[in-house]
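Chemist: Sending over a structure as structure tokens; questions will come in a sec.
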Amino acid sequence: MELKPKLISSEGVQAALSKVELYRFLNEPEEAESICKDVLAIEPGHQVALRFLGLAITDQFTGAPSDRYNEVENAFQQLTDRYERVYHTGLLHERRAKAQLRAGRPPHTVFVLLEQAMQSYEEAEKLRPTGNDDPILRWNRCARLIQTHAESDWHREVAIEMGDTTP
């Protein structure tokens, strides 16, 4: 028996997208992802569905190699608004870094991801609509995350890899 998903109606897209937000708030990202795919099946390139799809997948990041970074990047690269594309790419890097830290990865191994996130947020800050401080808020969060670890945590293992074994 072939289990091909049924198509939703184009009249139901807005209601479906409202459910995506609800499922994300309920911490049910798999359901949110499924609905986004239903919307994209009938409206490929739907900007809100692409944005929500990427976010729903990042909500599932565990820091494991199986996290679907490329899928999220693909969704965000389809965003036509440059600000949205750059800002959400920053979110991808930030959420990837946080997931890897939660998974126990040493801080120095995720520092580059936080730097990439902050670079994206700096670019998004230049493109942002008036009154939208989201890129600044996200940049500040990354900066504070870096500050929660001692400077040596971010660079210790890099020095060891380069042959410096000084404590």
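Read-outs throughout are calculated quantities, based only on the coordinates presented, and are distinct from any laboratory measurement. Note that this is a predicted model, so its numbers are computed, not measured. Positions of Cβ are backbone-derived with ideal geometry, glycine not excepted, and every protein chain shown enters the neighbour counts.
Chemist: Among 14, 36, 48, whose Cα projects farthest towards the positive end of the dipole of the stretch 10-60, with charges put on the beta-carbon of Lys, Arg (+1) and Asp, Glu (-1)?
Modeler: 48
Chemist: Given a Förster radius of 25 Å and the C-beta distance between residue 115 and residue 64 as r, what FRET efficiency does 1/(1 + (r/R0)^6) yield to the nearest 0.05?
Modeler: My answer for the efficiency is 0.70.
Chemist: Could I ask something else about it? If you build a Gaussian network model of the chain, linking Cα atoms that sit under 10 Å apart, which residue out of 136, 57, 35 swings the most?
Modeler: Evaluated over the chain, the most mobile residue of the options is 136.
Chemist: List the extent of the Cα atoms of the stretch 10-60 along each of their three principal axes, largest first, rounded to whole Å.
Modeler: So the three principal-axis extents are 26, 17, 13 Å.
Chemist: Spin-label point model (7 Å from Cα, Cβ direction): what's the residue 10 to residue 27 distance in nm?
Modeler: Computed distance between label sites residue 10 and residue 27 equals 3.9 nm.
Chemist: Report the calculated FRET efficiency for residue 3 and residue 82 (r = Cβ-Cβ distance, R0 = 41 Å), to the nearest 0.05.
Modeler: For R0 = 41 Å, the calculated efficiency reads 0.60.
Chemist: Treat every Asp and Glu Cβ in the chain as -1 and every Lys and Arg Cβ as +1, leave all other atoms uncharged, and give the resulting dipole magnitude about the Cα centre to the nearest 20 debye.
Modeler: 140
Chemist: While we're looking at this one, here's another question. In Å and whole numbers, how far do the C-alpha atoms of the stretch 1-97 stretch along each principal axis, longest first?
Modeler: Result for the stretch 1-97: principal-axis Cα extents of 37, 32, 26 Å.
Chemist: Next up: Relative to the first principal axis of the alpha-carbon coordinates of the chain, what is the inclination of helix 134-147, with its axis defined by its Cα atoms, in degrees from 0 to 90 and to the nearest 10?
Modeler: The answer is roughly 40 degrees.
Chemist: What aspartates and glutamates does residue 98 reach when the alpha-carbon gap must be under 17 Å and sequence neighbours fewer than 8 apart in one chain are set aside?
Modeler: Counting by Cα, and skipping residues close in sequence, residue 98 has these aspartates and glutamates nearby: 59, 67, 73, 115, 153.
Chemist: What lysines sit close enough to residue 4 to cross-link, taking a C-alpha to C-alpha distance under 19 Å and skipping anything fewer than 8 places away on the same chain?
Modeler: Partners found: 37.
Chemist: Determine how many Å³ per residue the convex hull of the Cα atoms of the chain encloses.
Modeler: Normalising the Cα hull of the chain by residue number yields 149 Å³.
Chemist: Follow-up question, since we're still on this one. Filter the trypsin sites (Lys or Arg not before Pro) in the stretch 1-75 to those in DSSP coil with at most 13 other Cβ atoms within 10 Å of their Cβ, and list the result.
Modeler: The qualifying sites are 6.
Chemist: Label points 7 Å out from Cα along the Cβ direction at residue 37 and residue 136: separation in nm?
Modeler: So the two model labels end up 4.0 nm from each other.
Chemist: With +1 on each Lys and Arg Cβ and -1 on each Asp and Glu Cβ, how big is the dipole of the stretch 10-60 about its Cα centre, in debye rounded to the nearest 20?
Modeler: With only Lys, Arg, Asp and Glu charged at Cβ, the dipole is about 140 debye.
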